[in-house]
1. Binning at 5 angstrom from zero up to the longest distance, how are the C-alpha pair distances of the range 1-157 distributed in percent?
2. At 7 Å along the Cα-to-beta-carbon direction for both residue 181 and residue 49, put a label point, then send me their distance in nm to one decimal.
3. Over the chain, give the accessible area per residue in Å² for a 1.4 Å probe, as an integer.
4. With point charges of +1 on the Cβ of Lys and Arg and -1 on the Cβ of Asp and Glu, referenced to the Cα centre of the range 205-318, which listed residue (234, 224, 260) lies farthest in the positive direction of the dipole?
5. Anyone know which of 185, 229, 138 comes out most mobile in the 10 Å Cα GNM of the chain?
6. Go ahead and set up a Gaussian network model of the chain, Cα springs under 10 Å, then flag whichever of 173, 203, 45 fluctuates most.
7. Taking the range 207-318 on its own, what percent of its Cα-Cα pair distances exceed 18 Å?
8. What are the aspartates and glutamates whose alpha-carbon lies under 13 Å from the alpha-carbon of residue 255, with same-chain residues fewer than 8 places away excluded?
Amino acid sequence: MDETPKRFDRIVAILIQLQSKKIVKAQELADRFDCSLRTIYRDIRTLEASGVPIYSEAGVGYALMEGYRLPPVMFTREEVSSFIAAEKLMQKFTDPSLGNHYASAMYKLKSVLRSNDKDWLSNIESRVVMQTAEPMFNDNSPNTLALLFESIAEKKQILLSYKTFDKEEVTQRNIEPVGVFHDHNNWYFLGYCHLRKDYRQFRTDRIQAIKKTDCDFTIEHDSLETYLNKTETIPTTKVRILIEKKIARYLVTEKKYHGFVSEKEVDGKIEMTFMSSSVDNGFPRWFLMFGDYATILEPESLKTRTLELLEVNRKRLL
């Protein structure tokens, strides 16, 4: 099999990626193209031999000389299709400010498409709809994500007006944002809170106001993944429930938020084991959503608390 076309496409893609970042590591390229470092080194030498001004630094990576640019790039139809999904997601799942910036970028992308590809795009973009279950941002802070991105990039603190979930009170906080993530149909960001003197998570729909300040970060923060992967030392209780198979498959997403550990089939049903940190409130309330199809095996305290909640509900219905 002739590898020449495949290698040509890879070399062009490497050149495009070199333009996308200030520094690109060889391992990053090898991972993307699923090839060896030796292959990447060879392709870089080919680019250099063709006159592309690349400089490298051992242990750092590759970069293009300042000022070097490729001519306009043509997109494949598959890439054009991906723009549609991205645009629809940005319209529904980001704040209005960031969504407007992306819409502006999309006009620029569409301007370089071939006529046939523009027709391709027009024929299907009106047929793609994204829907959200609930608002992800407060109307008083329509530029939340955009400001968070700026703060992280420039390492400037933000001033946050935040409404807590439990006390329903608004507090003013100076925050050093570490990163932004989306989970369970909500946007969150993690940052160092100068009020609490510790790292905290904040949900974007509870942000009442947000403002970037001129204060620099005071701490050199680790990556977002470092903090998200830390296991908190919160006391947990072992929970076992037995649930009908036809219902168990609908809990795939929800169960991880309640300390799911493992599951096994027992007499045609599914036995699930959890290490729950909220046996008194969170877990029993969740259990009641499907409780008519399930049985609590342990602990007894969970059975007692679930019965208490059922009794409260019974009295309210009388």
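1. 1, 7, 13, 14, 13, 15, 15, 12, 6, 3, 1, 0
2. The two pseudo-label positions are separated by 4.5 nm.
3. Averaged over the residues of the chain, the accessible area is 64 Å².
4. 260
5. Most flexible of the set in this elastic network: 229.
6. 45
7. 61 percent
8. Partners found: 263, 271.
The values are calculated or read from the model by the stated rules, or taken from the named source; none is laboratory data. What you see is a predicted model; the values in this text were computed from it and never measured. Because the Cβ atoms are built from the backbone with ideal geometry, glycine has one as well, and the counts that use them run over all protein chains shown. Side chains included, ligands, DNA and RNA excluded: accessible areas come from the protein's heavy atoms. Shrake-Rupley method; radii C 1.70, N 1.55, O 1.52, S 1.80 Å.
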